[in-house]
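The values are calculated or read from the model by the stated rules, or taken from the named source; none is laboratory data. All figures in this text were calculated on a predicted structure; none of them were measured in a lab. We place every Cβ from the backbone using ideal geometry, glycine too, and count neighbours over all the protein chains shown. When the accessible area is computed, the model is the full protein with side chains, heavy atoms only, and any ligands, DNA or RNA have been set aside. Shrake-Rupley method; radii C 1.70, N 1.55, O 1.52, S 1.80 Å.
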Amino acid sequence: YARPFEIREEERQNLPALDIHPDVGPKPGDAIIGTGYELHKYCEEHGILFLIFAGFNTNACMITRDYSPLAMSKKGYEILIVRDCTTGMESADTHDSLAQTRNSILFFEMFGQYTVTSRELIEGFRG
């Protein structure tokens, strides 16, 4: 089966390339990790037992990927999710309430994952 012709495909092909903003992109010497296997090997090599998740899509990547909080907790890692530093893919119906994001966070909490706000995390590091 062939994919149907997309009317705006030519326009999409001519968009500028996406890139990571230089203020948050990897710096020389930073580890670049793309899979749960790579994350596990990196943590194993560096003695890392605790993972803090921020900046992820709560109702997609954080649930379905092999580097997700659930997948990594099954490998023995202690997980902390920063609630106000993640967001989900919201629909027109959930955008105002952030229901997808809030429900995903609740899902993690119900299945044994710890969550904090960024303020609580910073205070914890200070304490």
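Using mean Cβ contacts within 10 Å as the protection proxy, how do 85-94, 4-13 order, highest first?
The most tightly packed comes first, giving 85-94, 4-13.
Give, as a single signed number, the net charge of other residues whose beta carbon lies under 15 Å from the beta carbon of Arg102, with Lys and Arg counted +1 and Asp and Glu -1.
For residues surrounding Arg102, the net value is -4.
Could the peptides 99-110, 116-127 be put in order, highest first, of the mean number of other beta-carbon atoms found within 10 Å of their residues?
99-110, 116-127
Taking R0 as 25 Å, what FRET efficiency do you get between Leu49 and Ser91 from their Cβ-Cβ distance, rounded to the nearest 0.05?
It comes to 0.10.
If I take R0 = 35 Å and measure r between the Cβ atoms of Arg119 and His21 in this structure, what FRET efficiency does the formula 1/(1 + (r/R0)^6) give, to the nearest 0.05?
The formula returns an efficiency of 0.90 here.
Taking 8 Å as the Cα distance limit and 6 or more residues as the minimum spacing, I'd like the relative contact order of the chain as a percentage.
20 percent
Evaluate E = 1/(1 + (r/R0)^6) for Cys61 and Arg3, where r is the Cβ-Cβ distance and R0 equals 41 Å; express this FRET efficiency to the nearest 0.05.
Computed FRET efficiency for Cys61 and Arg3 comes out at 0.95.
Using a 1.4 angstrom probe on the protein heavy atoms only, line up Asp23, Asp84 by accessible area, largest first.
Largest accessible area first, the list is Asp23, Asp84.
Taking springs between alpha-carbon atoms closer than 10 angstrom, which of Gly29, Gly76, Gly112 fluctuates most in the Gaussian network model of the chain?
Gly29
Subtracting the Cα-Cα distance from 0.36 nm times the residue separation, let me have the gained length for Ala99 to Glu10 in nm, one decimal.
28.6 nm
Please work out which option in (1) 33; (2) 27; (3) 45 gives percent of Cα pairs over 24 Å apart calculated from these coordinates, and answer with its label.
(3)
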